[in-house]
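*Asks:* Handing you this structure, nothing more for now.
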């Protein structure tokens, strides 16, 4: 499980991680006012890197839409643990389900500011 959304500060990646220009890899992020109130969809965010990304955006004040194609319970748990979040199940490789994800986001939060395309699959 990733860091708590209640964390006052979160560590950003490793040296190979690309971070915003004002944040160096390994540095603690304690203030990112530009994300306050932004609306973010993180696909594939019921576990792993996607979950950590969703939690980071949530801790930095964004409204987060958690998404997964099959891990509904895990996705709902991630969303429930964030201050302002919504879980939407859907397979983003399907155009209709992708459109429904965006529509649900706009219906709930009124807009979409950031899309993190993290979803993938394994064989």
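Just so it is clear, none of the values below were taken in a lab; they were calculated from the coordinates. These numbers come from a predicted model, not from an experiment. A quick note on method: Cβ atoms are made from the backbone with ideal geometry, for glycine too, and the neighbour counts reach across all protein chains shown.
*Asks:* What is the distance in Å between the Cα centroid of the range 85-123 and that of the range 33-59?
*Replies:* 12 Å
*Asks:* If each of residue 102 and residue 70 carries a label point 7 Å out from its Cα toward its Cβ, how far apart are those two points in nm?
*Replies:* Result for the modelled spin labels: 2.6 nm.
*Asks:* Taking a spot 7 Å from the Cα of residue 84 along the direction of its beta carbon, which residues of the range 36-61 have an amide N less than 14 Å from it?
*Replies:* Residues 36-41, 57-61 fall inside that zone.
*Asks:* Rg/Rh for the range 35-123 to two decimals, with Rh computed the Kirkwood way over all alpha-carbon pairs.
*Replies:* Ratio value, two decimals: 0.93.
*Asks:* Pop a pseudo-label 7 angstrom from the Cα along the beta-carbon direction at both residue 114 and residue 95 and give the gap in nm to one decimal.
*Replies:* Using points 7 Å along Cα→Cβ, the separation is 2.9 nm.
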